[in-house]
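S.K.: The structure that follows is given in the form of structure tokens.
The values are calculated or read from the model by the stated rules, or taken from the named source; none is laboratory data. This one's a predicted model, so the numbers in the text were calculated from it and none came from an experiment. All Cβ positions, even for glycine, are placed from backbone atoms using ideal geometry, and neighbour counts span all protein chains on display. Ligands, DNA and RNA are stripped out before the accessible areas are found, and what is left, the full protein with its side chains, is counted by its heavy atoms. Shrake-Rupley method; radii C 1.70, N 1.55, O 1.52, S 1.80 Å.
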Amino acid sequence: MISTKSTHFPVFAATDPGMSGKNNEDNYGVFAYVVSESDPTASIVAIVADGVGGHQAGEVASSIAVDMISQLIAESDADHPLATMEGAFHRANQAIYSQATINPASAGMSTTAACVWIIGDQLYLASMGDSRIYLKRGDQFSQLTIDHTWVQEAIESGVLARDQVRSHPNAHLIRRYLGSKQPSIPDFRINHPSKGRDQQSVANQGMHLEAGDYLLLCSDGLTDLVSDDEIYSALGKHPLEEVLDRLIKLANSRGGHDNITIIGIQIPDDKEIVSVPKRRNRFTIVLVLFSVLVIAIMATWFYRMYFWEGDSNTATQVPGGTAGLGIPMLTQTAVLPTLPPPTPEITPLDSPSPLASSNPTAETTLPATYTPWPTSTTTSP
């Protein structure tokens with residue numbers, strides 16, 4: 001893709017270290033592109049990463065994630081968004097783990113990552129950890145991503161009720177993150193806002209964005225202290241830049257115990273900006289040309305099968321039927337055109353098995369790193 005300094009998408013980002021005085025381990029990036037010189041379809045990539053680790057290692061991990069994911073997406077042709085994002089997440093995971101291995105000061109570092117990629121009017125996303133992506137559409141407000149935390153698994157397993165989450169000691173125990181020795185596949189499921197939370201499907205990728213939609217990416221420094229209802233109420237009532245400032249001030253007024261990072265994207269009203277006719281037309285042309293080629297090959301095969309009088313050594317006269325008319329029937333197997341293999345469908349890792357223990361604090365079930373809360377920067381074994 002080709003970078004462009006201007007974008008018609010209203011995009012704002014804000015980050016704040018919070019009130020605790022801890023080092024800011026959040027990183028973010030917003031990048032504007034067009035697909036190619038011949039395809040001016042607008043493209044936006046936005047990433048929020050919340051690092052974990054002692055000293056400044058968390059900041060290093062989140063910085064690697066933002067830089068590497070954005071770079072690999074920028075180098076792509078935008079034809080296979082999910083495959084590109086999966087490869088970018090894997091490369092970032094490998095880079096973070098390698099850095100943590102060779103540098104003792106970075107040992108145990110890791111990071112969450114929440115990434116959206118808008119191509120024209122289509123939304124693709126990937127996430128790992130508990131940094132979130134929200135969508136506001138009219139009077140609907142939905143968390144598109146699923147948290148990869150111990151308490152989320154406990155809720156899904158029936159061990160915890162949702163009203164027990166905020167006060168639980170394992171509230172920030174992360175189960176999927178970048179920097180792992182054995183990398184996990186990024187989560188491509190999307191909670192479609194019009195289908196409810198039960199519709200958590202990769203099939204929702206590429207969902208159509210509508211004029212007036214708001215996308216919001218944030219680290220858990222915001223969602224720990226500001227509810228979904230409060231975020232929903234703020235969006236649309238004030239200019240987007242002012243909304244981000246208000247949300248950060250609200251979180252800080254309640255303690256601001258962690259770094260706070262927010263990216264807000266508003267889908268514009270101009271339909272021409274967000275449409276993707278050129279990409280669809282290009283695909284249609286390729287499909288038509290491929291179809292014509294297949295028809296031509298099949299027609300040639302049909303002619304050779306029934307009408308071509310070839311060498312008698314390569315044909316056998318079949319008694320009866322059309323063979324009685326003296327038309328040779330080829331005995332060799334016709335070679336049909338080989339179709340290119342389909343792009344493999346990317347599916348997320350199955351959710352970890354429901355918690356087997358009824359004791360939600362059992363340490364034997366918690367072999368993961370966590371986002372420190374309020375100020376701890378240790379990494380569990």
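S.K.: Restricting attention to the stretch 1-26, and to residues there that are out of contact with any His (no Cβ under 9 Å at 6 or more places or on another chain) and of a type in the set (Ser, Thr, Tyr), which single residue is modelled with the lowest pLDDT? Before you say what the answer is, go through the steps one by one.
M.R.: So in the stretch 1-26, the residues out of contact with any His (no Cβ under 9 Å at 6 or more places or on another chain) come out as 1-17, 21, 24-26.
Imposing the further condition that a residue be of a type in the set (Ser, Thr, Tyr) reduces the set to 3-4, 6-7, 15.
Details: 3: 74, 4: 65, 6: 51, 7: 54, 15: 91.
Of everything passing the filter in the stretch 1-26, 6 is modelled with the lowest pLDDT.
Here is a yes/no grid of residues against (1) within 23 Å of residue 140 (Cα to Cα); (2) touching a Lys or Arg at 6+ places or on another chain (Cβ under 6 Å); (3) outside any loop (DSSP other than H, G, I, E, B):
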| residue | (1), (2), (3) |
| --- | --- |
| 229 | yes, no, yes |
| 243 | yes, no, yes |
| 246 | yes, no, yes |
| 249 | no, no, yes |
| 257 | no, no, no |
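S.K.: Is there a residue being within 21 Å of residue 42 (Cβ to Cβ) and either at pLDDT below 95 or part of a loop (DSSP other than H, G, I, E, B) (or both) anywhere in the stretch 101-120?
M.R.: The answer is yes, given that some residue of the stretch 101-120 is within 21 Å of residue 42 (Cβ to Cβ) and either at pLDDT below 95 or part of a loop (DSSP other than H, G, I, E, B) (or both).
S.K.: If you don't mind, there's one more thing I want to ask. Just to verify a result, which residue in the stretch 139-164, among those that are in a loop (DSSP other than H, G, I, E, B), over 30 Å from residue 211 (Cβ atoms) and open to solvent by 30 Å² or more (accessible area, probe 1.4 Å), is modelled with the lowest pLDDT?
M.R.: 161
S.K.: Quick one: in the stretch 230-261, which of the residues that are among the charged types (D, E, K, R) and in contact with a Phe, Trp or Tyr (Cβ under 8 Å, 6 or more places away or on another chain) is most open to solvent (accessible area, probe 1.4 Å)?
M.R.: At the first step, the residues of the stretch 230-261 found to be among the charged types (D, E, K, R) are 230, 237, 241-242, 245-246, 249, 254, 258.
Checking the rest, the ones that are also in contact with a Phe, Trp or Tyr (Cβ under 8 Å, 6 or more places away or on another chain) come to 241, 258.
Numbers: 241: 116, 258: 1 Å².
So the residue we want is 241.
S.K.: What residue, among those in the stretch 124-133 that are surrounded by 23 or more Cβ atoms within 10 Å (Cβ to Cβ) and not polar (S, T, N, Q), is farthest from residue 77 (Cα to Cα)?
M.R.: Of the residues in the stretch 124-133, the ones surrounded by 23 or more Cβ atoms within 10 Å (Cβ to Cβ) are 125-133.
Of the ones still in play, those that are also not polar (S, T, N, Q) are 125-126, 128-130, 132-133.
Working: 125: 17, 126: 18, 128: 24, 129: 27, 130: 29, 132: 26, 133: 24 Å.
Ranking the qualifying residues of the stretch 124-133, first place goes to 130.
S.K.: Let me ask something additional. Please find, among 112, 15, 84, 101, the residue that is open to solvent by 40 Å² or more (accessible area, probe 1.4 Å) and closer than 26 Å to residue 266 by Cα. Spell out the reasoning first.
M.R.: Working: 112 fails: open to solvent by 40 Å² or more (accessible area, probe 1.4 Å); 84 fails: open to solvent by 40 Å² or more (accessible area, probe 1.4 Å); 101 fails: closer than 26 Å to residue 266 by Cα.
On inspection, the qualifying residue turns out to be 15.
Residues checked against (1) in contact with a strand residue (DSSP E or B) (Cβ under 6 Å, 6 or more places away or on another chain); (2) in contact (Cβ under 8 Å) with a residue 12 or more places away in the chain; (3) farther than 19 Å from residue 264 by Cβ; (4) buried (at least 21 other Cβ atoms within 10 Å of the Cβ):
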position: 29; (1), (2), (3), (4): yes, yes, no, no
position: 37; (1), (2), (3), (4): no, yes, yes, no
position: 50; (1), (2), (3), (4): yes, yes, no, yes
position: 53; (1), (2), (3), (4): no, yes, yes, yes
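S.K.: Limited to the stretch 207-219, what total is found for residues that are in contact with a Phe, Trp or Tyr (Cβ under 8 Å, 6 or more places away or on another chain) and at pLDDT below 95?
M.R.: 0
S.K.: Continuing with the same structure: Out of the residues in the stretch 165-176 meeting the condition of being open to solvent by less than 40 Å² (accessible area, probe 1.4 Å) and of a type outside the set (Val, Ile, Thr), tell me which one is farthest from residue 62 (Cα to Cα). It would help to see each step written out before you state the result.
M.R.: Taking the stretch 165-176 as the starting set, the residues that turn out to be open to solvent by less than 40 Å² (accessible area, probe 1.4 Å) are 165, 168, 170-174, 176.
After this cut, where a residue has to be of a type outside the set (Val, Ile, Thr) as well, the list is 168, 170-173, 176.
Values: 168: 26, 170: 22, 171: 21, 172: 17, 173: 17, 176: 14 Å.
Ranking the candidates gives 168 first.
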